[in-house]
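Worksheet: one structure, shown below.
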Amino acid sequence: MFVPDLDQFTPPPAGIIDDKTGQTTGPKAPAVWDEASRAAVIAAAETAMTAYARPTVEANTWITELTPLLTPKAAKDYNYSRNSNIPATQVTGPGVIVNDDSVYLAHVEVPTDAGTWTLMLVREYGDSPWLVERFTPPEGIH
């Protein structure tokens, strides 16, 4: 029986090669709910709400600074929003996770000077950033 000398072969890359960029990517971290994930989603919600609740900022500046905190779909949707119509001007307390049924999606309530908003945040993998999909105003605010 013939056994090839494995030392003469180049090992395959340790990840997947992207056809467009040619870069090799490794395996993605699985998402889990742990203290780091919980802290990260709360921090992302507070940061996003702080960036969102700025009705007096020039509209182009507002959306430019908000966009990196949003999913691609939300970025398109909120591009047509008028920040001058947002009644909140500041975050007034810490965010609280109110729904974490999925390790990829969370709802976080963030108190503001115009009531408590609920943010829906998503992530793609365990090491992906949390991004806002939706800002839901308090009851009675449209």
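The values are calculated or read from the model by the stated rules, or taken from the named source; none is laboratory data. Note that the structure is a prediction, hence the values are computed from the model and not measured. Ideal geometry is used to build each Cβ from the backbone, glycine not excepted, and the neighbour counts take in all protein chains shown. Quick note on the areas: whole protein, heavy atoms, side chains included, nothing else; ligands and nucleic acids left out. Shrake-Rupley method; radii C 1.70, N 1.55, O 1.52, S 1.80 Å.
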Discussion item. I'd like to know if region 22-32 contains one or more residues that are closer than 25 Å to D101 by Cβ, basic (K, R) and modelled with pLDDT of 95 or more.
Written reply: no
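Got a number for residues in region 106-131 being of a type outside the set (F, W, Y) and open to solvent by 50 Å² or more (accessible area, probe 1.4 Å)?
Number satisfying all stated conditions: 6.
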Flagged in region 91-142 as farther than 21 Å from S81 by Cα and polar (S, T, N, Q), in numbering order, are T92, N99, S102, S128
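When the residues of region 82-122 are filtered to those that are assigned to a loop (DSSP other than H, G, I, E, B) and touching a helix residue (DSSP H, G or I) at 6+ places or on another chain (Cβ under 8 Å), which remaining residue is nearest to A59 (Cα to Cα)? If you could, list the steps in order and put the result at the bottom.
As a first pass, look at region 82-122 and keep what is assigned to a loop (DSSP other than H, G, I, E, B): 82, 86-90, 92-95, 103-104, 114.
Among the residues that remain, those that are also touching a helix residue (DSSP H, G or I) at 6+ places or on another chain (Cβ under 8 Å) are: 82, 86, 88, 90, 94-95, 103.
On the way: R82: 7, I86: 12, A88: 15, Q90: 17, P94: 26, G95: 25, V103: 33 Å.
Within region 82-122, the match that is nearest to A59 (Cα to Cα) is R82.
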Expected output for region 119-142 (first residue at positive phi, partner β-branched (V, I, T) and modelled with pLDDT under 95, Cβ below 9 Å, 6+ apart or cross-chain) is none
Discussion item. For the structure I just gave you, tell me whether R82 is surrounded by 13 or more Cβ atoms within 10 Å (Cβ to Cβ) and more than 12 Å from the chain's Cα centre (by Cα).
Written reply: no
Within region 85-95, the count of residues that are surrounded by fewer than 14 Cβ atoms within 10 Å (Cβ to Cβ) and of a type in the set (V, I, T) comes to 1
